[in-house]
Amino acid sequence: MSKLLLCTDMDRTLIPNGASPEAPGARKMFSEICARPEIQLAYVTGRHLGLVLEAIEEYQLPTPDFAITDVGTKIYQFEPNFNQAWSVLEAWEAHIAKDWLNLSRQDLLALLSPLIAVTPNMVLQEDDKQNTHKLSFYCPMDLNPAPLIDQAEALLAQAGIQASLIWSLDEPNHIGLLDVLPRHATKLHAIEFLQARLNLAQNQVVFAGDSGNDLPVLISAIPAILVANASDELKQQALALSAQQHHQAALYLAQNFEQDASGNYAAGILQGLAFYHPQYQAILAKMVQQISESA
């Protein structure tokens, strides 16, 4: 059977830490699928590696082959035959460093200082949420991000910096998050980097997500799954943007059938996986049967 790179976001995609219910046994079946020899698993997340490892233990998740962390700025490979260690892919570091002209995040902070001075409550995030190629801020949740991003991009462009600015919301803590990254340090580019490194065709990659910072992958040519517990607004946006890019055939919206939660979180990932790769239909059927029996 041909190799398959299964990439998934963690929070509210694989991890059931949203408001929607989780299908019984879905994470266990997800683990069973990921144990198959043809599948390589990659977590694609805004978390740093320490928080990834915490989630693996807390939610009993399978250990991945790769972890794309810190919103795409780091790629780690798990080395099971080398003291079960995690190694950084230095080739990725060198690749994205070019966008920042090999400058540090402290250099970029200095370039953005005029904007920070006039933006109320725009403050640096904690040190463990920063890294070599990730400069992150807290902002008011009700702030209109568009002017802020435009001004930041203009300041960086004047210095020749190619940057990607990602706005997201930490709704439980009622705060906005702004990440300044190298332009190519995105989830999409990181997945494409892994795909090329593993010499895989497009149909040998699948991605699952649930939120706005997953959109670049969801609307790309990479076969993607939007789990059912994602917001209706995001679903409409993803459908519209994927159609504009002529990639609608590469976007699958997982569904809950009769409110059985079979499209939420891990269950939605499995549903989409079976859509793109019908050889896994039996796993999906087993899961649906288990859900109906537990209802």
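Before moving on, here are some points about what is shown:
- Segment 1-69 shape via C-alpha gyration tensor axes, a/c threshold 1.5: oblate
- Distance-filtered residues of segment 207-242 - backbone nitrogen under 12 Å, label point 7 angstrom along Leu169 Cα→Cβ: 212, 231-234
- Relative contact order (percent, whole number), segment 102-182, Cα cutoff 8 Å, 6+ residue spacing: 31 percent
- Net charge contributed by nearby residues that have their C-beta within less than 14 Å of Met122 (K/R +1, D/E -1): -2
- A simple charge model with +1 on the Cβ of Lys and Arg, -1 on the Cβ of Asp and Glu and nothing else charged puts the dipole of segment 102-182 at about 220 debye relative to its Cα centre.
- Taking Ser113, Ser136, Ser220 as the candidate residues, the one with maximal mean-square fluctuation in a Gaussian network model of the chain, Cα springs under 10 Å, is Ser113.
- Shape call, segment 232-295: gyration tensor on alpha carbons, a/c limit 1.5: oblate
- Each residue of segment 63-72 is assigned a 3J(HN,Hα), and the resulting list reads 6, x, 6, 9, 10, 8, 10, 6, 6, x Hz, derived from the Karplus form 6.51 cos²θ - 1.76 cosθ + 1.60 (θ = phi - 60°), x at Gly and Pro.
- Lysine-lysine proximity count for the chain, Cα under 17 Å, sequence distance 8 or more or distinct chains: 8
- Local electrostatic count, Thr13, Cβ distance below 9 Å [Lys/Arg +1, Asp/Glu -1]: -3
- Springs between Cα atoms under 10 Å define the GNM used for the chain, and in it the highest mean-square fluctuation of Thr13, Thr45, Thr63 occurs at Thr63.
- Net lengthening on full extension, Gln259/Ala240 (0.36 nm per residue, minus Cα-Cα): 4.3 nm
- The residue list Ala35, Gln236, Val118 was ranked by how far each Cα lies along the charge dipole of the chain toward its positive end, using unit charges on Cβ atoms, and Ala35 comes out on top.
- Rounded to 5, percent antiparallel among DSSP beta bridges of the chain: 55 percent
- For Lys134, no residue whose modelled amide H falls within less than 5 Å of its own remains once neighbours fewer than 5 places apart on the same chain are excluded.
- Whole-number percent relative contact order across the chain, with pairs defined as alpha carbons under 8 Å at least 6 apart: 20 percent
- Cβ-placed point charges (K, R +1; D, E -1), dipole of the chain about Cα centre in debye, nearest 20: 700 debye
- Cα gyration tensor, segment 125-239 - rounded (a/c under 1.5), prolate or oblate: oblate
- Think of the chain as having a plus end and a minus end, set by charges on the Cβ of Lys, Arg, Asp and Glu; of Ala157, Ser220, Pro62, Ser220 sits farthest toward the positive end of this dipole.
Laboratory data are not the source of any read-out in this text; all were calculated from the coordinates shown. Quantities reported herein were computed from a predicted structural model and do not represent experimental measurements. Cβ sites come from the backbone with ideal geometry, for glycine too, and all protein chains shown count toward neighbours.
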